[in-house]
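Input: a single structure, listed below in structure tokens.
The values are calculated or read from the model by the stated rules, or taken from the named source; none is laboratory data. Bear in mind that the values here come from a model prediction, so they are computed numbers and not experimental data. Note: ideal-geometry Cβ built from the backbone for every residue, glycine included; neighbour counts use all protein chains shown. Protein only, heavy atoms only, side chains kept; ligands, DNA and RNA dropped before computing areas. Shrake-Rupley method; radii C 1.70, N 1.55, O 1.52, S 1.80 Å.
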Amino acid sequence: MATAVRATMTRGSSASLEEAKHRVVDFFREVCRYLPSIMDRYNLYEVITPAQLRSQISAQFRKHSDVTNRKVIDLLVFKGQEELQYCLDHAKQRHHLLSTYVVGREGMVQHNKLGVLDHGESEFLKNFYQSNSL
Amino acid sequence: MVRGSKCYKVLQARGNANFRCLISPGCKAATEAPAEGTILRRNAAPISDSGYCRSFNYAAFSSTKCSQPESCTRIPLNLMRALANRSIDVSSLGASSSVQRTPVCSGSTGLIGSGGGLQSVRHLQTLAVTPTGPKIIKADTEETIEVSVDGHSLQIPKGMTVLQACEVAGKEIPRFCYHSRLSIAGNCRMCLVEVEKTPKPVASCAMPALPGMKIKTDTPLVKKAREGVMEFLLLNHPLDCPICDQGGECDLQDQSMVFGSDRGRFTDTKRSVVDKNLGPLVKTVMTRCIHCTRCVRFASEIAGVPDLGVLGRGGSEEIGTYVENLMTSELSGNVIDICPVGALTSKPFAFTARSWELKSTESIDVSDALGSNIRIDSRGPEVMRIIPRLNEEVNEEWISDKTRFSYDGLKRQRLNEPMIRRPGGYLEPVTWRAALSAVAQAVHQVKPEEMAGVVGKLADAESIIALKDFLNKLGCENTWCEGIGANIDADVRSKYLLNTTIAGVENADVFLLIGTQVRKEAPLLNARIRKAVRNNRAKVATIGPPIDLTYDHEDLGDGTDALIQIAEGKHPFSTLLSKAQHPVVIVGAGVFERSDKDAVMAVVETIVDQAKVVRDDWNGFNVLLLEAAHAAALDLGFVPGVTAKLLSKDHLKFLYLLGADDIKPDDIPKDAFVVYQGHHGDRSAYRANVILPGAAFTEKEGTYESTEGRTQQTSPAVPSVGDARDDWKIIRALSEVVGVQLPYDSVSAVRARFLAVSPNLFRVDELEPPTVWPQSITPRSSSSKIESSPFIKAIDNFYMTNSICRASRTMAQCTSAFANLKQI
């Protein structure tokens with residue numbers, strides 16, 4: 001019962017920044033080890049390759065590359081483990097993964113790119129293309 | 001004439017802070033009239049306003065120039081009516097001084113004002129809404145009597161009932177059968193009060209107040225009497241409130257909480273009554289009926305269809321149609337509102353929502369040109385029901401069945417995303433950007449004179465002005481509004497509006513209806529005419545297709561022959577018309593589309609001149625427009641421009657349809673590029689090359705002008721569906737893509753444009769008085785020859801007139817249910 005063990009696993013805070021960074025790398029490797037099984041059970045092969053998914057996940061890590069506070073790093077790792085646990089427990093459904101890792105948050109907002117691109121339109125027309133309520 | 005001082009006494013004697021309404025400090029010295037130009041305004045209050053009883057209707061009055069608005073509290077409507085019927089000096093109520101000077105005569109027929117200008121006549125009408133049914137006891141106008149209510153003595157006009165006297169005193173009397181717009185039945189006994197020196201409690205609604213009467217409304221006897229009546233009413237009333245659609249807005253429920261006993265002594269079985277089938281609109285659960293007979297009186301007095309009646313007596317009394325018969329009235333839905341219990345409820349609304357879950361939005365109806373005030377009750381994104389809102393000058397408290405029940409069409413056949421027709425003929429959903437650039441491409445390929453813009457029936461004024469500006473900027477003046485004919489005269493406002501006003505029609509005594517089926521075109525106007533027939537014994541003659549108007553009328557034939565005879569003075573009706581005090585001529589939609597329309601209108605104008613239908617103080621010439629968009633379209637000049645070449649339709653290469661669904665596909669050339677902007681996938685959407693989804697009237701804030709020239713606004717009750725946009729925004733966006741950008745970015749900027757084109761559209765909720773009748777200023781275009789062909793029926797099926805109705809299941813059920821009946 002590897003998952004049951006993992007779910008109960010807690011650790012004290014890192015003693016140093018090095019240890020915190022080490023934990024991050026460890027966690028990334030752990031995620032990578034679980035990737036094939038996640039791809040499998042969420043049927044993701046038809047929308048993304050394992051390499052692409054891995055780089056999407058590493059992008060999530062890099063998003064926080066500027067964090068230097070070890071307590072914050074520990075917390076982010078903990079949250080990442082929690083997220084992984086949800087994936088493994090099937091507490092998530094396919095569209096959760098699709099929206100977070102496959103298309104990305106931005107891709108889910110309709111016409112967002114269209115509104116952002118500047119064709120020399122007036123503010124009115126930009127808003128018009130986006131929504132009726134703007 | 002009762003002077004203001006006496007009137008003041010009446011108001012003062014009530015003593016209740018809630019009713020201490022003297023409107024402005026100027027009125028306090030009641031012999032002093034308010035300043036010149038003070039306008040009495042009526043703000044419509046929602047029907048279910050009082051805490052516990054729907055039957056108590058109020059209208060709040062306030063003076064626009066009131067220096068202390070917070071002191072303006074309410075006057076019960078019944079009091080206003082009663083006062084006005086007895087021609088009390090209205091100046092003490094804050095009316096303008098011109099009203100004060102207006103000589104007023106009263107009697108059983110209500111008020112007829114003369115002199116003082118049309119404006120003041122209208123204000124008087126506001127006050128003088130005569131109930132149709134009850135015969136008001138003819139009173140010497142000077143006479144008031146003194147009665148006492150619960151120890152407070154007060155002066156009331158002679159002829160008031162005890163119930164009205166109590167209302168003046170600020171005491172609300174519970175009632176079921178009494179309704180201020182219906183005749184008095186006096187059969188529910190809920191309004192029992194004690195009168196000194198009478199052996200038993202009296203039914204206050206049916207008892208005239210007599211001098212020196214000492215009325216008591218809060219004695220133990222009264223309390224016990226009400227409790228007893230309530231116990232009897234509940235004997236046979238089923239305990240199905242949890243599944244009753246009236247639950248939460250039921251008079252019986254509310255009044256039993258306030259006046260009923262906390263326990264009953266009833267152990268027997270309850271009687272049950274077979275439900276009646278009144279058609280697809282009104283659901284009946286007759287076991288719940290308490291026999292107040294409001295529905296019976298409504299049907300026979302206001303709707304004018306004596307379909308309902310009372311059968312049996314005592315324990316076997318039932319409301320019914322005697323033989324199985326549908327209720328064949330366009331106003332039948334109103335019996336749902338006046339039923340104090342859950343016996344008559346809405347069939348389409350049944351079991352769909354409870355009243356307390358609904359969000360109410362005050363809005364305007366667009367199914368006909370009257371602009372009835374409505375309340376849209378919605379839950380989430382869905383319109384659950386539509387019910388009337390009180391507006392004495394427009395719809396009183398009634399609405400037509402089409403207004404009330406066609407809302408389910410708002411959920412079907414909706415256009416929710418832009419679409420482009422591909423070469424294969426199928427419509428492909430696209431983005432707004434793609435759709436607009438497709439239209440722009442088409443616009444750039446045609447010459448301005450090959451373009452045309454058509455406005456449909458439900459368009460709001462904002463989108464009409466935007467479309468007009470857009471097309472004019474492109475150089476196209478080939479614009480028209482569907483349903484009012486190509487050669488309508490939009491120059492003089494009084495020549496296309498209902499000048500007498502909807503409420504003013506009540507005062508008329510002779511009617512000439514030309515080419516109109518009022519009952520189908522505007523059922524509520526028909527109810528007003530019926531009121532005039534009942535109260536003033538008005539004579540009605542029709543020239544046009546034969547129709548049952550629900551009142552006696554003379555059918556002068558369906559062609560123009562009778563019209564010409566009247567104009568030449570050879571017809572017996574012409575003397576009747578010229579002798580009339582307040583004649584009314586109504587020209588309807590059957591005339592608009594005729595090829596000889598100008599000649600017909602010239603004949604009508606001759607009649608108007610000869611019979612002096614238009615005078616200094618009375619404008620009896622009326623045009624009854626058919627659809628909600630018409631008056632605004634004409635005011636904004638959405639008619640073919642002077643430079644518009646009257647090309648045959650074959651030359652059109654680009655057609656912009658703003659919700660125009662009545663244009664026949666055969667009239668559109670095969671190679672024309674058709675843009676359809678609208679909210680329903682109705683007829684024209686099948687022909688469209690590009691579809692731009694707009695918002696329906698329940699989803700946008702749109703300005704509409706009614707046929708009498710009243711500007712009103714809808715308010716959004718639910719969000720627009722899918723990727724649809726507000727209509728004026730679509731045209732504004734398109735104009736930018738095409739390259740002729742319109743200069744407004746917000747709805748307030750569009751309305752600022754109204755100020756330049758037609759300022760009356762900017763003044764919402766106001767009736768712009770019609771312009772002066774032009775005396776031989778405009779040349780009569782009598783050059784064209786008048787034909788003797790019969791006037792056409794503008795509406796064939798009352799229930800299927802616009803795209804919303806045509807998508808409505810309820811309206812389809814009505815159509816099939818009433819198809820075999822000859823009247824509808």
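All conditions in (1) closer than 27 Å to residue A:130 by Cβ; (2) buried (at least 24 other Cβ atoms within 10 Å of the Cβ) hold for residue B:452, with the sole exception of (1).
When residue B:372 is tested against (1) within 16 Å of residue B:280 (Cα to Cα); (2) in contact with a Pro (Cβ under 9 Å, 6 or more places away or on another chain), exactly one condition is not met: (1). The residues in region B:609-642 that are of a type in the set (A, V, I, L, M), open to solvent by less than 10 Å² (accessible area, probe 1.4 Å) and under 15 Å from residue B:515 (Cβ atoms) can be counted, and the count is 3.
Every residue, every condition in (1) in contact (Cβ under 8 Å) with a residue 24 or more places away in the chain; (2) surrounded by fewer than 22 Cβ atoms within 10 Å (Cβ to Cβ); (3) more than 16 Å from residue B:526 (Cα to Cα); (4) within 23 Å of the chain's Cα centre (by Cα), yes or no:
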{"residue": "B:542", "(1), (2), (3), (4)": "yes, no, no, yes"}
{"residue": "B:545", "(1), (2), (3), (4)": "yes, yes, no, no"}
{"residue": "B:565", "(1), (2), (3), (4)": "no, yes, yes, no"}
{"residue": "B:569", "(1), (2), (3), (4)": "yes, yes, yes, no"}
{"residue": "B:582", "(1), (2), (3), (4)": "yes, no, yes, yes"}
{"residue": "B:587", "(1), (2), (3), (4)": "yes, no, no, yes"}
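Kindly evaluate residue B:455 against the criterion of being of a type in the set (Val, Ile, Thr), more than 30 Å from the chain's Cα centre (by Cα), under 27 Å from residue B:630 (Cα atoms) and away from chain A (no Cβ under 14 Å). In short, no. Within region A:16-38, at least one residue is at pLDDT 90 or above, more than 19 Å from the chain's Cα centre (by Cα), more than 20 Å from residue A:96 (Cα to Cα) and surrounded by fewer than 10 Cβ atoms within 10 Å (Cβ to Cβ). Within region B:700-742, the residues that satisfy the criterion of being away from chain A (no Cβ under 11 Å) and over 31 Å from the mean Cα position of the chain (by Cα) are B:738, B:739, B:740.
Of the residues making up region B:172-183, none is open to solvent by 60 Å² or more (accessible area, probe 1.4 Å) and touching a helix residue (DSSP H, G or I) at 6+ places or on another chain (Cβ under 7 Å). Note on region B:743-759: among residues that are without any contact (Cβ under 8 Å) to a residue 24 or more places away in the chain and small (Gly, Ala, Ser), the one that is farthest from the other protein chains (Cβ to nearest Cβ) is B:756.
Comparison of A:114, A:125 shows that the only residue that is at pLDDT 90 or above, within 18 Å of residue B:734 (Cα to Cα) and within 14 Å of chain B (Cβ to nearest Cβ) is A:125.
Quick grid of which residues meet (1) among the hydroxyl-bearing types (Ser, Thr, Tyr); (2) closer than 22 Å to residue B:799 by Cα; (3) over 27 Å from the mean Cα position of the chain (by Cα); (4) open to solvent by 10 Å² or more (accessible area, probe 1.4 Å):
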{"position": "B:405", "(1), (2), (3), (4)": "no, yes, no, no"}
{"position": "B:411", "(1), (2), (3), (4)": "no, yes, no, yes"}
{"position": "B:432", "(1), (2), (3), (4)": "no, no, yes, no"}
{"position": "B:438", "(1), (2), (3), (4)": "no, no, yes, yes"}
{"position": "B:465", "(1), (2), (3), (4)": "no, no, no, no"}
{"position": "B:481", "(1), (2), (3), (4)": "no, yes, no, no"}
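Within region B:383-402, the presence of at least one residue that is basic (Lys, Arg), open to solvent by less than 10 Å² (accessible area, probe 1.4 Å) and in contact (Cβ under 8 Å) with a residue 40 or more places away in the chain is confirmed. Scanning region B:691-750 for residues that are open to solvent by less than 20 Å² (accessible area, probe 1.4 Å) and of a type in the set (S, T, N, Q) gives B:698, B:703, B:706, B:707, B:711, B:712, B:714, B:735. Screening residue B:364 on (1) open to solvent by less than 10 Å² (accessible area, probe 1.4 Å); (2) more than 17 Å from the chain's Cα centre (by Cα) shows it passes everything except condition (2).
Per-residue answers, yes or no, for (1) outside the structural domain of residue B:590 (by TED's automatic domain parsing); (2) open to solvent by less than 20 Å² (accessible area, probe 1.4 Å); (3) not hydroxyl-bearing (Ser, Thr, Tyr):
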site	(1), (2), (3)
B:460	yes, yes, yes
B:508	no, yes, yes
B:518	no, yes, yes
B:537	no, no, yes
